[in-house]
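Trainee: Dropping the structure in here first, questions after.
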Amino acid sequence: MLLSETDDESRVLDGSESGSDGSDPNSSDEDYVPRGPGPGAAQEYEENSDEECVFTPAKRMRRQCRSVYASPASPPMKSASRKWKPSSCRRKILYEATPKKDSSTLNTGKRLSTPQKTTPSRKLHAVEPEDEKDIWHNIDEEDVEPPQPRFRPERDIGPQLNRTANYTPLELFQLFFSTTVIGTLVKNTNANGEKKCQVLKESWVPVTPADMYSFICLVLYMGMVPLKTLKEFWRGSKLFCLPFPASVMPCRRFLAISTSLHMSDPVAEAANEQKKGTVGYDKLCKIKPLYDQILQACYTFFHPNQHISIDERMVASKARFGFKQYCRNKPTKWGFKLFVLADSKCGYTLNFFVYGGKGGEPTGKGLSYDAVMRLLKIPFLGKGYKLYVDNFYTSPTLFLDLLKRKIWACGTIRPNVSGYPRTKMNNTPEKASRGTIRWLRKGELLFVKWFDTREVTMCSTMHKAFCNDVAKRKVKSTNGQWTVKHVPIPSCIRDYNKHMGGVDLSDALIGYYNVLHKTQRWYKTLFYHFVDIATVNAFILHKEMCKLQNRPPLKQKSFREQLILSLAEIGSTPRRSGPNLMFSAFSLKVPPVRPPSESMEPTAAPATVLLTSTSCSPEATQDSVGPPTTISPDVAAATPPVAPGLGHLPAYFVEQMSDVPSRSRATAGRRACVVCKRKSPVFCSTCYKTLCFTSFRNCYSKWHRSNNICV
C-alpha cells in the first residue's frame, strides 16, 4: 500500500518507527530543533537561573514543536529551500534561556547542555576594578620624600691597614697572593707535575716559592708587553729582543710551570669526579682553594663606601666546559659569568662569585634575587648602604627584603616584573616630549617613568619623585642647528647614572693590562683573572692610602712596573741571563788601573802585528779567531805604545755575530782554549787568543801571567 505525501511526511517527522531521537544527519536545516525544556519548564528555569542548566525534554514536546512549521500544505522537498523561522514555542524557549543585558548574573557564556553530555558549570570571575590610588602622577604633583638611611658601617671606610705606613706595590700585592696562597699553588703544581711526568716517563724539577713569584712576575709583564706567542718573549733576533724575560726565568721552565699549574689537590679532584651526577658534585672544585683565599682577602682589607653596585662580568673563554655562558649585550659574549659587588666610588672588587649554572639551594624568587643576597652576605658590612642594580636584578620583592635588612636600593626595572603597577590612568602619552615624568608610589616603593630618547622605568626605595634636577641634552632645532636644552630629570635616574658604574670601572682597570692568556684549561683562565683582580685591588688600595696620607699616587702602569721588578728580585735567579742585559741593581766595583810610572820604559812596537777577523775560515788555527792581517810598519809606528797588562780585556765571539738566538749565545763561535784545549767563547781583545774565563777555569789570567803580560 502506497503512503500519501501527508502520511509519509508525518511518519518521517515522527520517527517513532525507526526509533531515532529526531537528529537525522541527512535532514535539512529546518528539520533540526534544539532540545529544550517542555511546557511548564520556563517557571522552573527562572527559579533556578543561578544553578546549572540541565534539561530533559520529552519526545512529545519535540513533535509539537516540529508540527508547527511542518504543515501538510508544504511539500517536504520545498521545505529545504525556505528560510527557517523559529516557531512561537522556540521563541519562548530562546527568550527565556537568554539572560537580559541588565542581568546581574555572570553566566553569560553558558550554553544549554544536551541530555547525553552533562558538563559542570564554568565559574567566571569578575575583573577586579583598578584601585583609584594607582594613578600615574605628573611632575607638578608633590611627592613625599622617604626617610633617608643612617649610614652605620661596622668598620672604618677605606683600607683596613696601618694608615701611617708606606706600603710598596709588592706588599699590597702580597695581601692577596700571600705566602699561604703561594704555598698552595706550589704544593698542587708539584703534585700535578709529578703525576704528568710519571705518565710521560720524565723527571720533574720541583717548583719553589721563588719560582712561583718569577712565574707571576712574567705573567704580569706579558700583560704590559703583549706578543702573539709565549716563546717570542725569549727570541734573540733583532725584532724580538726582550732581555727581561730571560733574566727572570728560562723559557722551558716557564712553559713547564704553565703546563702543570694547578690550584687544587689532584686527590681531592679525583674524589670529586666520582660524585659527578650527584648533588655533592662541585663544578668549581679545581679553583676552590685559590678562589676562597682571594675572595676572603678582597673583603678583609677594604671596607666600601655608602654607595655600592652589583653587575655581571664576563671573562673571555672559548674552552669546553659545562657552565660557559653567552651574554648578548656584553662586549665579551662567551666565557665565564661572574656576579660582582664593587664600590661605586673607586671600583674596588669587594665580593664576587663564579656562576656555575643552576644549583645550590634556590629560594624560588629567581636567580637575580639569589645572586644579590649571596653577594651581600658579608659578615661586617653594616647598615644604611645604598645599592644600585640594573633591570636584571630589580624587583619589588627584592627591594622590600633589602629594606628589612636596612639596605636601600635603586635600579631600572622591567615593566613585566611582578609587582609593577598595571594601571594606565594618566600614563605617558605615545608621543611624549623629552623630559616627561610620571611617578607612582606604592607604600615604600617609588616607580618612575622618564622619557628621554625612549622611555626609562625606575624603582627606588630612597628617592623622591622629582627634586627640580635638570639634565643637559643636545636638541636639533627646525633650522638644523644643535642647541643645548635643559630637561627635567628624576633624582633616582641622576643618582643611578652617577653610582652604577662601580663594576664597569673595575672592568676598565683590568682591561688596560689584561694578563689573560689563551689556554685549553678553563681553570687556568680563572687563575689569570684572579691575578688581575689582585693587582687592580692592590692598586686601588695604593691610591686610597695616598689620599689618606696626602701624597701623589702612582699611575697604574708605574705601579705595575714597580711590582714586576720587585717580584723579579724575590724570584728565582736563572742559570743564564739574556742578551745585552743591564744589571742596574748589581753594580760591579772594578779597582782603578794604576797608570804606568814615568820610569817604566815603553815596549817597542812590533813592526808587524797579526790581527784576526771575526769570520771563520778552514785555514784559521784553533787558537786564533780568523785569518791574520798584516799592518805596515808605518801604521804600527803611529800606534801609541801600550803598557804591559793594559788593554788586554776579555771579549765574546758572539758580540761580532748577528741574529743569534738567546739560547745559543753562550756557545756560539767557541774555539779551543790555548791552555786547557777546552771549548771557550772568550778571547783576549789584544792578544786574540782563545782562553777560558769561568768560575771553574781561569785560563785567561794563567796565560797572561805565564807570558809576563800581567804582573
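Trainee: Can you tell me which condition residue 456 does not meet? The list is (1) outside any strand (DSSP E or B); (2) over 18 Å from residue 142 (Cβ atoms), and all the others hold.
Mentor: Only one criterion in (1) outside any strand (DSSP E or B); (2) over 18 Å from residue 142 (Cβ atoms) is unmet by residue 456, namely (1).
Trainee: May I pose another question? Name the single residue that is farthest from residue 250 (Cα to Cα) among those in the range 665-677 being among the aliphatic types (A, V, I, L, M) and open to solvent by 40 Å² or more (accessible area, probe 1.4 Å).
Mentor: Quick first cut of the range 665-677, residues among the aliphatic types (A, V, I, L, M) only: 666, 668, 672, 674-675.
Pick out the ones that are also open to solvent by 40 Å² or more (accessible area, probe 1.4 Å) and you get 666, 675.
On the way: 666: 14, 675: 32 Å.
The qualifying residue farthest from residue 250 (Cα to Cα) is 675.
Trainee: Here is a follow-up. Which condition number does residue 680 fail, the rest of (1) among the small types (Gly, Ala, Ser); (2) exposed (fewer than 13 other Cβ atoms within 10 Å of the Cβ); (3) modelled with pLDDT of 80 or more being met?
Mentor: Result: residue 680 fails condition (2) only.
Trainee: Now for a separate question. If residue 246 satisfies every condition in (1) open to solvent by 20 Å² or more (accessible area, probe 1.4 Å); (2) over 32 Å from the mean Cα position of the chain (by Cα) but one, which is the exception?
Mentor: (1)
Trainee: Now for a different question. Check residue 229 against each of (1) under 30 Å from residue 659 (Cα atoms); (2) over 25 Å from the mean Cα position of the chain (by Cα); (3) without any contact (Cβ under 8 Å) to a residue 40 or more places away in the chain and name the one condition it does not meet.
Mentor: Failed condition: (2).
Trainee: Which residue out of 697, 705 is at pLDDT 50 or above and surrounded by 14 or more Cβ atoms within 10 Å (Cβ to Cβ)? Talk me through it step by step, then tell me what you get.
Mentor: Values: 705 fails: surrounded by 14 or more Cβ atoms within 10 Å (Cβ to Cβ).
The unique qualifying residue is 697.
Trainee: If only one of 254, 336 is open to solvent by less than 50 Å² (accessible area, probe 1.4 Å) and under 20 Å from the mean Cα position of the chain (by Cα), which one is it?
Mentor: Of 254, 336, the one residue that is open to solvent by less than 50 Å² (accessible area, probe 1.4 Å) and under 20 Å from the mean Cα position of the chain (by Cα) is 336.
Trainee: Based on what the data block shows, is residue 393 in contact with a helix residue (DSSP H, G or I) (Cβ under 8 Å, 6 or more places away or on another chain), in a helix (DSSP H, G or I) and in contact (Cβ under 8 Å) with a residue 24 or more places away in the chain?
Mentor: no
Trainee: Count, please, the residues in the range 158-171 that happen to be of a type in the set (A, V, I, L, M, F, W, C) and surrounded by 12 or more Cβ atoms within 10 Å (Cβ to Cβ).
Mentor: Step one: of the range 158-171, the residues of a type in the set (A, V, I, L, M, F, W, C) are 161, 165, 170.
After this cut, where a residue has to be surrounded by 12 or more Cβ atoms within 10 Å (Cβ to Cβ) as well, the list is 161, 170.
Within the range 158-171, residues that are of a type in the set (A, V, I, L, M, F, W, C) and surrounded by 12 or more Cβ atoms within 10 Å (Cβ to Cβ) number 2.
Trainee: State yes or no: is residue 507 among the charged types (D, E, K, R) and buried (at least 16 other Cβ atoms within 10 Å of the Cβ)?
Mentor: yes
Trainee: Out of the residues in the range 136-157 meeting the condition of being of a type outside the set (D, E, K, R) and under 15 Å from residue 383 (Cβ atoms), tell me which one is least open to solvent (accessible area, probe 1.4 Å).
Mentor: Let us first name the residues in the range 136-157 that are of a type outside the set (D, E, K, R), namely 136-139, 144, 146-149, 151, 153, 157.
Subset that is under 15 Å from residue 383 (Cβ atoms): 147-149, 151, 153, 157.
Numbers: 147: 106, 148: 92, 149: 20, 151: 57, 153: 43, 157: 65 Å².
This residue is 149.
Trainee: Which of the following residues is of a type in the set (Lys, Arg) and in contact with a strand residue (DSSP E or B) (Cβ under 7 Å, 6 or more places away or on another chain): 670, 697? If you could, list the steps in order and put the result at the bottom.
Mentor: Numbers: 697 fails: in contact with a strand residue (DSSP E or B) (Cβ under 7 Å, 6 or more places away or on another chain).
Selected residue: 670, the only one of 670, 697 that is of a type in the set (Lys, Arg) and in contact with a strand residue (DSSP E or B) (Cβ under 7 Å, 6 or more places away or on another chain).
Trainee: Enumerate the helices (runs of 4 or more DSSP H) found wholly within the range 461-576, keeping only those where 2 or more residues are farther than 28 Å from residue 188 by Cα and either free of Cβ contacts under 8 Å to residues at least 12 places away in the same chain or among the β-branched types (Val, Ile, Thr) (or both). Give the derivation first.
Mentor: Details: elements: 491-499, 502-512, 522-549, 556-570.
Hits in the range 461-576: 491-499, 502-512, 522-549.
Trainee: State all residues of the range 655-711 that are touching a residue at least 60 places away in the same chain (Cβ under 8 Å), assigned to a loop (DSSP other than H, G, I, E, B) and basic (Lys, Arg); if no residue qualifies, say none.
Mentor: Residues satisfying the conditions are 665, 689.
Trainee: Any idea which residue in the range 352-389 is nearest to the chain's Cα centre (by Cα), counting only those that are in a strand (DSSP E or B) and more than 18 Å from residue 406 (Cβ to Cβ)?
Mentor: The extreme case among them is 354.
Trainee: Within the set of pairs 6 or more residues apart or between chains, which connect a residue that is hydroxyl-bearing (Ser, Thr, Tyr) inside the range 289-315 to a residue that is in a strand (DSSP E or B) and open to solvent by 10 Å² or more (accessible area, probe 1.4 Å) with Cβ atoms less than 6 Å apart?
Mentor: What qualifies is 299/351.
Trainee: Identify, from the list 198, 174, the residue that is free of Cβ contacts under 8 Å to residues at least 40 places away in the same chain, open to solvent by 20 Å² or more (accessible area, probe 1.4 Å), within 17 Å of residue 211 (Cβ to Cβ) and not hydrophobic (A, V, I, L, M, F, W, C).
Mentor: That would be 174, the only listed residue that is free of Cβ contacts under 8 Å to residues at least 40 places away in the same chain, open to solvent by 20 Å² or more (accessible area, probe 1.4 Å), within 17 Å of residue 211 (Cβ to Cβ) and not hydrophobic (A, V, I, L, M, F, W, C).
Matching residues to (1) among the hydrophobic types (A, V, I, L, M, F, W, C); (2) surrounded by 17 or more Cβ atoms within 10 Å (Cβ to Cβ); (3) in contact with a helix residue (DSSP H, G or I) (Cβ under 6 Å, 6 or more places away or on another chain):
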residue	(1), (2), (3)
229	no, no, no
233	yes, yes, yes
240	yes, no, yes
293	no, yes, yes
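Trainee: Under the condition of being basic (Lys, Arg) and either open to solvent by less than 30 Å² (accessible area, probe 1.4 Å) or under 34 Å from the mean Cα position of the chain (by Cα) (or both), which residue from the range 435-470 is farthest from residue 492 (Cα to Cα)?
Mentor: Ranking the candidates gives 454 first.
Trainee: Also, I was wondering about something else. Please work out which one of (1) out of contact with any Phe, Trp or Tyr (no Cβ under 8 Å at 6 or more places or on another chain); (2) surrounded by 18 or more Cβ atoms within 10 Å (Cβ to Cβ) is the condition residue 477 fails and give its number.
Mentor: In the conditions (1) out of contact with any Phe, Trp or Tyr (no Cβ under 8 Å at 6 or more places or on another chain); (2) surrounded by 18 or more Cβ atoms within 10 Å (Cβ to Cβ), residue 477 misses (2) alone.
Trainee: Open to solvent by less than 30 Å² (accessible area, probe 1.4 Å), of a type in the set (A, V, I, L, M, F, W, C) and within 21 Å of residue 391 (Cα to Cα) - does that describe any residue in the range 317-333?
Mentor: Yes - at least one qualifying residue is present in the range 317-333.
Trainee: I'd like to know if the range 208-223 contains one or more residues that are more than 19 Å from residue 570 (Cβ to Cβ), touching a residue at least 24 places away in the same chain (Cβ under 8 Å) and open to solvent by 20 Å² or more (accessible area, probe 1.4 Å).
Mentor: The answer is no; no qualifying residue exists.
Trainee: Here are some residues: 533, 510. Which one is of a type in the set (A, V, I, L, M) and in contact with a Cys (Cβ under 9 Å, 6 or more places away or on another chain)?
Mentor: 533
Trainee: I want to confirm something. Restricting to the range 369-416 and keeping residues that are hydroxyl-bearing (Ser, Thr, Tyr) and over 16 Å from residue 463 (Cβ atoms), which single residue is least open to solvent (accessible area, probe 1.4 Å)?
Mentor: So, considering only residues that are hydroxyl-bearing (Ser, Thr, Tyr) and over 16 Å from residue 463 (Cβ atoms), the one least open to solvent (accessible area, probe 1.4 Å) is 393.
Trainee: Quick test for you: out of 189, 179, 259, pick the one residue that is open to solvent by less than 50 Å² (accessible area, probe 1.4 Å), in contact (Cβ under 8 Å) with a residue 12 or more places away in the chain and of a type outside the set (Lys, Arg).
Mentor: Numbers: 179 fails: open to solvent by less than 50 Å² (accessible area, probe 1.4 Å); 259 fails: open to solvent by less than 50 Å² (accessible area, probe 1.4 Å).
The conditions single out 189.
The values are calculated or read from the model by the stated rules, or taken from the named source; none is laboratory data. Keep in mind that this is a model prediction, so the values were computed, not measured. Note: ideal-geometry Cβ built from the backbone for every residue, glycine included; neighbour counts use all protein chains shown. Areas reflect the complete protein model, heavy atoms only, side chains present, ligands, DNA and RNA absent. Shrake-Rupley method; radii C 1.70, N 1.55, O 1.52, S 1.80 Å.
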